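Laboratory data are not the source of any read-out in this text; all were calculated from the coordinates shown. As the structure is a computational prediction, the values presented were derived from the model and not from experiment. Glycine gets a Cβ as well: all are built from the backbone with ideal geometry, and neighbour counts include every protein chain shown.
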Amino acid sequence: MELIEPIPGALEPKGEGAGLPVPAAAPPSVSPQQRLAELLAVANEHEAAGRFAEADAVLSQILAAAPDFPAALHLAGIVAFRQGRSAEAVEKMERSIALNPQAPLFQRNACEIYRRVGRYDDALAAGRRSVELDPNDSRALVNLSVLHYHRLELDDAIACAERALTLDRDLPGAHFGIAEASLLGGDLQRGWEEYEWRFRLAGARPLMPSTERPQWDGRKLPAGATLLLICDQGYGDVIQFARYIRWAAKRCSSVAVACSRELQAVILQQKGVDQVFDRWEDMPEFAAYCPLSGLPRLAGTRVETIPAPIPYLRADPDAAAAWSQRLSTLLPQGWQRIGIAWAGRASHPNDDVRSIPIEDLAPITNLPGIAFVSLQKAPGQSQIGRYWGRAPLINLGPEIADFGDTMAVLEGLEQVVTVDTSIAHLAGAMGKPVWMMLPFAPDWRWLLDRADSPWYPSVRLFRQSEPRRWAPVIAAVAKALAGE
């Protein structure tokens, strides 16, 4: 789920012609300027449709004829960014702004790209300039709101989002910005309400097939009625909110849960679950439905009332025994066994700030008397080939099929060291000691200025004091592991 509206193209959307090939030849009456405009329209359509190679080809043709065409340069920067060429993207966007400093759209997009590459001060200058040039651009204000969140300027983040809503009261990105800033700041009451806008964000998938059944409001259902709960977000979110299934089950006769197969070992442990399915064709009759992530709002959760009946997840005893025996044959006897994960899902919007390259963990992996068990799944798992730490590192990733396997492995470990991934949630829900390394602006659930978590009492948080600086965090974890 995206935090903000997607970065728009350099031009307003054109009418017909989306996806058409580059016009072959312009009629004699068409001027060179008109020809370039036509080509730019085609490039813009390609970019909007995700055809980045095609957009690149058309833009190269334009820039060969007109190297200083600001709109083409700007769109080329956006396309380069979409393809992971960040340095090129910044260079082209800066050139476009130098050529046309009065274009508010250029500044708006630069704000977001500067933020994504970690240049927060430049992002702030561009965002403010965009709003100065066009005070009625609500999406520029949303970009600024997201930036302020990542700078941990939560009051400013909320203020920018609120100002955007005075221009467009139904702007999902603004509502969601208020949700995340409010939740991170501990104002759960406002945060949960605004969090309901997540399903209206650009790119959000439908929660379920169309139905005439109502979304549940938390009140008790009639006798015999089934409540359908839908695991609507990432693995970590499902594990975190699974604790609310028991609360929901007290208000209905039966609970059915839609979730992926990987998570069924988690969901089936929750008291009150009568049916779990992973295909909509198997969906039972139900009286009302609710996303799993909507239960905290219905339960009226505040920081001081977060339900934490730890553990609410346990490993299968036979599987845990089998894995423990296996680890005993793989690891040195008497050494401390620590599970480790260094990367989250690559497609996550903030993965570039929450994941750590494995080689940067050297201060931790060079400690004596410790053996590490990798809980990392793909694509971060591929980094193991770059591991040269002193401590043994056992790679179990290929053998772990689901969270049932992971729980069984965790049962045989003394501790987990991880970045913000589903592994932290899983181990925390089991009551295992978890040391988690957090970015400067963490996900909202970890709150601010605390080393513990009301969601998981066994979790200890190690936070960045500056954006994108992992070295002090890793050093602090290494020092703690060494008992210093």
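How much length, in nm to one decimal, is gained on full extension between Ala476 and Ala319, taken as 0.36 nm per residue of separation minus their Cα-Cα distance?
53.1 nm
Calculate, in whole percent, how much of the Cα-Cα pair population of segment 32-171 lies beyond 18 Å.
57
Please give me, ordered by residue number, the trypsin sites (Lys or Arg not before Pro) of segment 255-295 that lie in loop per DSSP and have at most 16 other Cβ atoms within 10 Å.
Lys271, Arg279
Where Lys and Arg each count +1 and Asp and Glu each count -1, what net charge lies around Ala249 among other residues with Cβ under 9 Å from its Cβ? Provide the component values of the computation, followed by the final result.
Working: positive: Arg246, Lys250, Arg251, Lys271; negative: Asp274.
Value of the local net charge: +3.
Please report the relative contact order for the chain, taking Cα pairs under 8 Å with a sequence separation of at least 6, and give it as a percent rounded to a whole number.
Contact order relative to length: 11 percent.
Can you classify segment 28-112 as rounded, prolate or oblate using the Cα gyration tensor, where a ≥ b ≥ c are the square roots of its eigenvalues, rounded means a/c under 1.5, and otherwise it's prolate if a/b beats b/c and oblate if not?
oblate
Among Phe176, Ser60, Ile394, flag the residue with its Cα farthest along the positive direction of the charge dipole of the chain, charges on Cβ as +1 for Lys/Arg and -1 for Asp/Glu.
Ile394
Just to check, using Stokes-Einstein with a Kirkwood Rh over alpha carbon pairs, what's the diffusion coefficient of segment 226-305 at 25 °C and 0.890 mPa s in µm²/s?
Approximately 195 µm²/s, per Stokes-Einstein.
Can you tell me the FRET efficiency between Tyr387 and Ser347 if r is taken as the Cβ-Cβ distance and R0 is 25 Å, rounded to the nearest 0.05?
It comes out at approximately 0.60.
What is the magnitude of the charge dipole of the chain about its Cα centre, with +1 placed on the Cβ of each Lys and Arg, -1 on the Cβ of each Asp and Glu, and no other charges, expressed in debye to the nearest 20?
Result for the chain is approximately 960 debye, rounded to the nearest 20.
Using a Cα-Cα cut-off of under 16 Å, which lysines could be cross-linked to Lys250, ignoring same-chain neighbours fewer than 8 residues away?
Lys220, Lys271
Which of the lysines could be linked to Lys377 by a straight reach, that is with a Cα gap under 22 Å, when you skip same-chain ones fewer than 8 residues away?
Lys432
Could you tell me which Cys residues in the chain have no other cysteine's Cβ under 4.7 Å from their own Cβ, answering none if every one has a partner?
By the Cβ distance rule, which asks for a partner under 4.7 Å, the isolated cysteines are Cys111, Cys160, Cys252, Cys290.
Let me check I have the definition right: for segment 317-481, take the eigenvalues of the Cα gyration tensor, multiply each by 5, take square roots. What are those semi-axes in whole Å, largest first?
24, 18, 16
Quick one: in the chain, what % of C-alpha pairs are over 39 Å apart?
Numbers: 38226 of 116886 pairs.
Result for the distance tail: 33 percent.
Considering only the other residues whose Cβ falls under 13 Å of the Cβ of Ala408, what net charge follows from Lys and Arg at +1 and Asp and Glu at -1?
Result for the local shell: -3.
Quick one: if you stick a label point 7 Å off each Cα along the C-beta vector at Lys250 and Glu193, how many nm between them?
Here the modelled spin labels are 2.5 nm apart.
Could you work out the helix-only [θ] at 222 nm for the chain, with each DSSP H run of four or more residues adding -39,500 (n - 2.57) and the total divided by the number of residues, to the nearest 500 deg cm²/dmol? Write out the running numbers ahead of the final one.
Working: 20 runs with 204 residues, N = 484.
Roughly -12500 deg cm²/dmol at 222 nm, from the helical runs in the chain.
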